[in-house]
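Step one of this worksheet: look at the structure below.
Just so you know, all these numbers are worked out from the coordinates, no wet-lab data involved. Keep in mind that this is a model prediction, so the values were computed, not measured. Positions of Cβ are generated from backbone atoms using ideal geometry, with glycine treated the same way; all protein chains shown enter the neighbour counts.
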């Protein structure tokens, strides 16, 4: 996590060079079962992906899927539903299947 903070200070919070370290941190939060820390991590990762690939790119699908799951875990079903609607829209437009 400290390495990710260092990368953020060097490359910015949504720079492409933060993508892999941030992805790794989010993966750790997921594996450790820490949804309260995974949710903001996913949001930041999503911002980086959207900046690099566009908000409706298939590249954001896995992060949006994670975000919807973590929101349900945190007891925020309306937000999860909104994310799932966005996922469905991206999938139908790009033919990406779950």
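Tabulated data
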read-out	value
P(r) of region 28-67 over all Cα-Cα pairs, binned every 10 Å from zero, in whole percent	33, 50, 17
Difference of contour (0.36 nm per residue) and Cα-Cα distance, residue 36 to residue 51	3.0 nm
Spacing of the two label points (7 Å from each Cα toward its C-beta) at residue 28 and residue 73, in nm	1.6
